[in-house]
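I have placed the structure first, in the form of structure tokens, so that the comments after it can refer back to it.
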Amino acid sequence: MIASSLALLIIAQSAGAAPLTLGEALAITRKAAPAALSAEATEDAARARAHAAFGPYLPAVSLGGLGRYDHANFAPVVVGTPFPGASAVTFPFVSSARYSFGVTVDQLLFDGGRTRGNREMAQARLESARADRDTTTASLELATATAFIEALEADALHRLERDAGVQARLRVEQARRLYSTGLRPELDVLAAETLEAQAVLRERRTAVQVERSLQRLASAMGVEKGGYRLVEPNLSAGVEEALAGERQLELAASRRAELKSLAQLVRLAESSVDVARSAYFPSVALNGGVLATGTDRAPGPFFDVSAGLTFRQSLFEGLQTYHSVEAAMADARAARARLDERARLLQLEVVQAALAVKEASLTFETARQVSDRAERQFALATERYHAGLSGFLELSDAQALSVQARSQEIQARAALAIGRLGLRRALGLPLVPRDAS
């Protein structure tokens with residue numbers, strides 16, 4: 001099962017660096033993550049119990065039989081009269097055989113609603129298990145999507161530092177040539193070499209971060225880490241439309257699996273009240289059967305057909321039924337309170353997620369503007385350095401500022417993407433829009 005569920009990942013690994021989209025990563029998570037498999041098995045168990053709860057509505061048919069052979073000397077036998085008033089009594093061994101078999105049928109007619117309540121409870125457990133599976137899947141998908149974005153962020157930062165390292169090495173070579181011709185002081189060479197060493201250090205650190213992020217992604221997906229190239233998704237599609245409607249909170253409440261699960265738990269608690277109250281009522285059952293018996297002396301079977309009605313009513317159980325009903329009603333009130341509390345928290349979650357996206361969007365726009373300005377400043381500093389109007393320290397400062405600004409832009413873009421994932425999760429929407437990669 002796991003092998004088939006990892007088909008997409010195996011293809012990516014066999015190609016060495018095949019693309020892996022966010023949608024494919026989520027599909028692998030749903031099929032391979034142990035928590036997802038556990039939730040699916042729990043739902044299957046609840047479904048089987050729901051089917052079993054229907055059993056009392058059908059008659060119970062059983063077949064029984066008995067075969068017996070006796071060889072004993074329990075019966076006395078008079079064999080003669082040797083003198084008047086006396087008799088000879090012996091106990092010889094006598095063999096006998098007998099058999100019997102029959103079919104019985106029992107059908108419950110009335111039990112005060114206990115069977116119906118048990119079936120409602122089993123069905124509610126099934127619906128709750130299904131909603132819990134959806135909740136688990138949504139949480140796993142959010143963890144995978146977050147790890148996916150973080151891996152993209154780590155890769156972008158690594159490529160940024162790698163490019164900065166290449167530029168730093170070129171600066172060292174250029175500084176050495178200018179120093180050898182006497183156009184620049186030795187200080188420029190030392191500063192360029194220091195900048196190169198720092199760039200190499202940052203590049204190595206980001207390379208380690210890439211490996212860690214890919215490992216976290218593989219762990220979230222429930223697979224071993226393989227070689228694949230992540231494709232950046234377009235998570236902006238559909239978010240604005242999702243926020244536009246006035247009924248979003250109501251729609252979110254209808255979409256969130258957590259609330260569906262809690263609603264089924266309320267149904268379960270209410271059904272348990274009916275089951276507890278059923279003890280106040282009698283149980284009535286219809287039973288019948290056919291019995292066939294025979295012996296070795298009369299091999300032909302003798303048939304006995306019977307039918308009856310069983311009635312049972314409990315008169316006093318030490319107020320056990322009363323207290324059971326009170327406890328079930330209290331459990332129902334607690335279940336309703338938990339549902340109301342989770343619905344209230346859901347509204348807060350949606351509002352906070354929307355504000356987080358708004359804040360991340362403003363931060364990203366600011367970071368992008370800062371990055372553009374830092375890039376222009378670096379280009380101007382490069383022109384001034386080549387024209388001999390400034391020293392290498394000014395150039396190195398401008399380059400460091402440019403790298404830092406681009407790094408902040410990458411981080412802000414990742415934070416915005418993660419925020420949008422959280423918003424879609426809060427709204428109960430799919431994490432990957434239809435038109436996203």
Subject >> Answer from SER361, SER407, SER390, SER402 - the residue that is hydroxyl-bearing (Ser, Thr, Tyr) and either surrounded by fewer than 17 Cβ atoms within 10 Å (Cβ to Cβ) or at pLDDT below 85 (or both) >> reply: SER390
Subject >> Matching residues, the stretch 109-137, being among the basic types (Lys, Arg) and closer than 16 Å to THR42 by Cβ >> reply: ARG125, ARG130, ARG133
Subject >> Single unsatisfied condition, VAL189 versus (1) surrounded by 14 or more Cβ atoms within 10 Å (Cβ to Cβ); (2) among the hydrophobic types (A, V, I, L, M, F, W, C); (3) farther than 18 Å from LEU389 by Cα >> reply: (3)
Original post:
Is there a residue being outside any helix (DSSP H, G or I), touching a residue at least 40 places away in the same chain (Cβ under 8 Å) and of a type outside the set (D, E, K, R) anywhere in the stretch 389-403?
Top reply: yes
Subject >> Test for ALA46: is it within 47 Å of the chain's Cα centre (by Cα) and either at pLDDT 55 or above or exposed (fewer than 13 other Cβ atoms within 10 Å of the Cβ) (or both) >> reply: yes
Original post:
Name the pairs whose Cβ atoms lie under 8 Å apart, with the first residue in the stretch 229-242 and more than 19 Å from ALA156 (Cα to Cα) and of a type in the set (Val, Ile, Thr), the second part of a helix (DSSP H, G or I) and modelled with pLDDT of 75 or more, and 6 or more positions between them or separate chains?
Top reply: VAL239/VAL357; VAL239/ARG420; VAL239/LEU423; VAL239/ARG424
Original post:
Considering only residues of the stretch 277-294 that are surrounded by 15 or more Cβ atoms within 10 Å (Cβ to Cβ) and touching a Phe, Trp or Tyr at 6+ places or on another chain (Cβ under 9 Å), which is nearest to ASN118 (Cα to Cα)?
Top reply: SER283
Original post:
For the stretch 55-162, list the strands (runs of 3 or more DSSP E) that sit wholly inside it and hold at least 2 residues that are closer than 30 Å to ARG312 by Cβ, modelled with pLDDT under 90 and touching a Gly at 6+ places or on another chain (Cβ under 6 Å); which are they?
Top reply: none
Subject >> Residue ranges of helices (runs of 4 or more DSSP H) in the stretch 225-322 with at least 3 members farther than 28 Å from LEU108 by Cα and modelled with pLDDT under 90 >> reply: 239-244, 248-255
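The values are calculated or read from the model by the stated rules, or taken from the named source; none is laboratory data. If you're wondering where the values come from, they're calculated on a predicted model, not measured in any experiment. Ideal geometry is used to build each Cβ from the backbone, glycine not excepted, and the neighbour counts take in all protein chains shown.
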